[in-house]
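To start, the structure itself, in structure tokens.
The values are calculated or read from the model by the stated rules, or taken from the named source; none is laboratory data. What you see is a predicted model; the values in this text were computed from it and never measured. Please note that ligands, DNA and RNA were not included when accessible areas were found on the heavy atoms of the full protein model with its side chains. Shrake-Rupley method; radii C 1.70, N 1.55, O 1.52, S 1.80 Å.
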Amino acid sequence: MKSFVTETDIEYVKKQSYKVMGVIFVILSLLALLVLLISVRIYACVEIIVILGCLMGVFSKKYAAHDYVLRFEDRDLIVRNRAGTEGFRLEELSIGDFTFKQSEREKKLNYCTLLINGSTIAFGGIKNCKEMKTYINANCKNSYHR
């Protein structure tokens, strides 16, 4: 049986989330400036809500939900979450079941985002992307018995 194992980089996922949260903070703060035209007190309240909301997003434990080990066994993908929740298995996958996304920076780091077509399943910050693509191309040939 052929197999390949990789994992997500939780620190990379955190850094990406921090960047997104920073952009959201700036946009919401700029929108809150419009409230300043009405009242300074209301503006202060809105800005406090924006700050608290962004801090909650940054310090939440949601990152643990993105800490995965992905194991390919022939054409099957076994996903295990290291946060302790149960994993799952996707069987008899073909090349067409996968979509890869990479920024230029991710290409240099050999990271990618993997989307499972026809589902809401996506994994970001996956390490060893080139090797994973090579494995999938070699072992997950298109099938017609799905």
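Tabulated data
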item	result
Gyration tensor verdict on the stretch 49-106 (Cα atoms; rounded if a/c is under 1.5, prolate if a/b is larger than b/c, oblate otherwise)	oblate
Ratio of Rg to Rh over the chain (Cα coordinates, Kirkwood Rh, two decimals)	1.14
Per residue, in Å², the accessible surface of the chain once ligands and nucleic acids are set aside, probe 1.4 Å	64 Å²
Long pairs among LYS15/LYS107; LYS2/LYS127; LYS2/LYS130; LYS19/LYS130, criterion Cα-Cα beyond 23 Å	LYS19/LYS130
Accessible surface, 1.4 Å probe, highest first, among residues MET132, MET1	MET1, MET132
Gyration tensor (alpha-carbon) shape descriptor, the stretch 21-90, a/c threshold 1.5	prolate
Within straight-line cross-link reach of LYS141, aspartates and glutamates at Cα separation under 14 Å, skipping those fewer than 8 residues along the same chain	GLU73, ASP74, ASP76, GLU91, GLU92, ASP97
